[in-house]
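Take a look at the structure below.
The values are calculated or read from the model by the stated rules, or taken from the named source; none is laboratory data. All figures in this text were calculated on a predicted structure; none of them were measured in a lab. Here the Cβ is made from the backbone with ideal geometry for all residues, glycine too, and neighbour counts use every protein chain on show. To get the accessible areas, we keep the full protein, side chains included, count just its heavy atoms, and leave off ligands, DNA and RNA. Shrake-Rupley method; radii C 1.70, N 1.55, O 1.52, S 1.80 Å.
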Amino acid sequence: MTDVVIAGAGPAGRALAAACAAEGLHTVLVDPAPHAPWRATYALWRDELPELPAEAIAAAPSRATAIGSTSHAIPREYLVVHNAGLRRWLTDPRVEVRTGRVEEAVGGRLGSTVLLAGGRRLATGVVVDAGGARRVLSGGPAPGARAEQTAFGVVLPAAEAARLVPDAGETALFMDWRAAGVTEPSFLYAIPLGEDRVLVEETSLARKPGLGLDVLAGRLRARLAAAGVAEGTRRERVRIPLDLPVARPPGVVPFGVAAGMVHPATGYSLATSVGLAPSVAAAIAEGLRTGPRAATAAARHEIWPPAALAVHRLRKHGLRALRGMPAPAVPEFFELFFGLPAELQRAFTSGRTDPAGTTAAMSELFRRAPWRLRRRLVW
């Protein structure tokens with residue numbers, strides 16, 4: 001019998017597996033393709049994960065900017081993740097990695113049995129669902145249309161990307177709303193990837209259901225054509241669910257996207273999952289001294305303490321406000337947001353257990369907004 005079985009070998013699952021192994025727990029990581037490369041492009045603010053090693057950083061742009069109607073320097077360091085380096089950092093040889101598809105977990109007084117496709121079984125104390133939006137052990141995909149962030153991007157040589165973003169090889173363009181459009185607004189996102197490459201994406205921040213990738217691809221191609229830039233061959237397609245419910249399935253610890261840990265108003269979750277893994281692993285280890293049920297309850301409380309739940313509700317209000325805004329108001333909203341003091345920007349984007357800071361950011365934004373925008377924020 002193992003101590004922990006984790007379903008899903010993405011960054012969240014790998015981070016928690018390594019943290020559990022570091023606690024001395026017999027940990028099994030199960031995934032249909034556990035060694036497949038991670039294709040998504042991840043980024044984060046350095047202050048969210050200060051211990052990130054150099055091998056896990058593909059690029060550290062010298063500046064980060066955001067544009068509503070004018071340009072704002074963001075006084076935080078934005079990092080682009082090196083996926084292979086991140087995987088190496090999150091890999092612990094003590095973790096037992098198995099290839100298989102988890103189908104079900106059956107709980108009992110002394111632990112759980114994890115059922116794999118083909119009839120294999122794993123007995124364990126604690127079961128973790130880190131399988132992403134599929135939520136195989138956490139109630140399955142959420143029913144109905146979901147609010148989503150979608151994006152279509154291409155990778156360009158830095159010299160070509162500079163036709164769209166000045167000094168593209170050294171600048172992280174967090175968002176540029178100047179060509180948001182009169183309906184279904186979208187923005188330009190552009191970040192250096194290292195090795196003289198830049199990812200440029202047309203991004204829809206929040207829509208229910210998500211804005212189609214074909215629409216975003218058409219807008220990006222129009223931008224590229226207007227700048228005289230060839231499209232390139234490597235493409236990236238993004239679809240991030242923003243409003244997955246906070247999951248509490250019996251006998252299972254959801255983690256990462258499966259737990260609803262995606263920021264409802266930004267779509268970010270990597271830094272949260274990786275940064276939270278050690279404390280969740282410690283809670284499991286301590287709880288197992290009493291028993292599997294205590295360990296499961298302790299882990300779930302560590303992931304969703306009352307402060308985090310309060311912030312999550314505030315952020316979901318922000319998501320609803322964004323979705324309810326007419327297209328012309330969106331650039332104005334972000335012009336106001338990036339004019340806030342840096343500590344308030346950080347509180348809203350990264351203060352997961354800081355309800356006071358999140359409330360202060362939202363209140364100050366409301367105070368600065370004109371009445372026509374305040375009505376939307378209240379709604």
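Descriptive notes on the structure:
- 3J(HN,Hα) from dihedral phi, segment 292-309, Karplus parametrisation 6.51/-1.76/1.60, rounded to Hz, x for glycine, proline: x, 5, 5, 5, 5, 5, 5, 5, 5, 5, 5, 6, 10, x, x, 5, 5, 5
- Kirkwood hydrodynamic radius of segment 305-379, from inverse mean 1/r over distinct Cα pairs, in Å: 12.5 Å
- Computed about the Cα centre, the dipole magnitude for segment 308-367 is approximately 340 debye when only Lys and Arg (+1) and Asp and Glu (-1) carry charge, each at its Cβ.
- Across every direction, the projection of the convex hull enclosing the Cα atoms of the chain has a mean area of 18.2 nm².
- Across segment 127-212, the mean sequence separation of Cα contacts (distance under 8 Å, 6 or more residues apart), normalised by length, yields a relative contact order of 35 percent.
- Peptides 243-256, 58-71, 98-111 ranked from most to least packed give 243-256, 58-71, 98-111, packing being the mean of other C-beta atoms within 10 angstrom over each peptide's residues.
- When the Cα convex hull of segment 1-81 is projected onto planes of every orientation, the mean area is 7.4 nm².
- For ARG248, no residue whose modelled amide H falls within less than 5 Å of its own remains once neighbours fewer than 5 places apart on the same chain are excluded.
- Nearest-20 debye value, segment 224-379 charge dipole, Cβ charges on Lys, Arg, Asp, Glu: 500 debye
- With protein chains left intact and a 1.4 Å probe, residues in segment 262-319 average 37 Å² of accessible area per residue.
- Considering segment 48-116, its Cα convex hull presents a mean projected area of 9.1 nm².
- Solvent exposure of segment 35-166 amounts to 47 Å² per residue of accessible area, where only protein heavy atoms count and the probe is 1.4 Å.
- Net charge of Cβ neighbours under 13 Å - reference VAL126; Lys, Arg +1; Asp, Glu -1: -2
- Taking the inverse of the mean 1/r over every pair of distinct Cα atoms in segment 253-379 gives a Kirkwood hydrodynamic radius of 15.9 Å.
- Going by accessible surface with a 1.4 Å probe and the largest first, GLU286, GLU343 read GLU343, GLU286.
- Over every Cα atom in segment 43-158, the radius of gyration and the widest Cα-Cα span, Dmax, amount to 20.3, 59 Å.
- Across the accessible surface of the chain, with the other protein chains kept in place and a 1.4 Å probe, carbon and sulfur atoms take up 55 percent.
- Using C-alpha pairs under 8 Å with a sequence gap of at least 6, the mean separation divided by the residue count of the chain gives a relative contact order of 19 percent.
- Three principal axis lengths of segment 135-253 [C-alpha, angstrom, descending]: 54, 35, 22
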